[in-house]
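These notes concern the structure reproduced below.
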């Protein structure tokens, strides 16, 4: 149970870093976590935060220490992570700059997650930042196994050509960040899972 709780702490920490840690790092850390390499994540993530100059609030710094120090993170590197507030850099849109109908990612994710137990709903949003290409964000709510599901969906998106997939699996007990709330507010439904379908029937 301790191992499972540690994985969930790390998953929540990585959710908190979405939109702040570059996508090329974030997806890989999530993949390592699902692959049983949480100790590697613990040693590497703090150094990446320092190198990328990612600032953390006091609460997120506590999460970082609670999740990673028991896994072998270097305390001196953890304490070297910059303090700061959450940035508000992005805008989101429900649709991309092109017609999303027939989008292979939407079709495959819909077929994969429609009616799945432990999933409420899956949504898609497009993240915008001036000077960069729009980036698809997949948001899944109510997952019973967020670590494994994140990894599964990342593999699907990478197979479809997204080399740095952004998959945000939000467990019901975790409060969405401002980044996730903004993405959810401007998102399109991909499919409903079994949990949501049961709710509608009732």
Dividing the alpha-carbon radius of gyration of the range 44-202 by 2.2 N^0.38 Å, where N counts its residues, gives 1.15
Rounded to the nearest 10, the angle in degrees between the Cα long axis of helix 23-34 and the longest principal axis of the Cα atoms of the chain comes to 90 degrees
Compactness summary of the range 127-169: radius of gyration and Dmax from Cα atoms, Å, are 11.6, 37
The chain: antiparallel bridges as % of DSSP beta bridges, rounded to 5, reads 70 percent
Length-normalised contact order of the chain, Cα under 8 Å, at least 6 apart, in percent, tallies to 24 percent
Ranked on Cβ counts within 10 Å of their own Cβ, fewest leading, 147, 119 go 147, 119
Computed over the range 2-79, the Cα gyration tensor eigenvalues, each multiplied by 5 and square-rooted, give semi-axes in Å (largest first) of 16, 14, 12
Comparing 42, 144, 183 in a Gaussian network model of the chain (Cα, 10 Å), the one with the largest mean-square fluctuation is 144
The alpha-carbon center of the range 115-172 and that of the range 1-40 are separated, in whole Å, by 14 Å
The helix 2-17 Cα axis meets the longest alpha-carbon principal axis of the chain at an angle in degrees, between 0 and 90 and rounded to 10, of 80 degrees
The relative contact order of the range 2-79, taking Cα pairs under 8 Å that sit 6 or more residues apart, comes to a percentage of 37 percent
Rounded to the nearest 500, the 222 nm mean residue ellipticity computed for the chain from DSSP H runs (n ≥ 4, each -39500 (n - 2.57)) alone is -14500 deg cm²/dmol
For the pair residue 88 and residue 50, the simple spin-label estimate (label points 7 Å beyond Cα toward Cβ) gives in nm 3.2 nm
extent check for the range 14-57: Cα max minus min per principal axis, descending, whole Å, gives 27, 18, 18
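A short reminder: the numbers here are calculations on the coordinates, not readings from a lab. Only a predicted model underlies this, so the values are computations on that prediction, with no experimental measurement involved. Cβ sites come from the backbone with ideal geometry, for glycine too, and all protein chains shown count toward neighbours.
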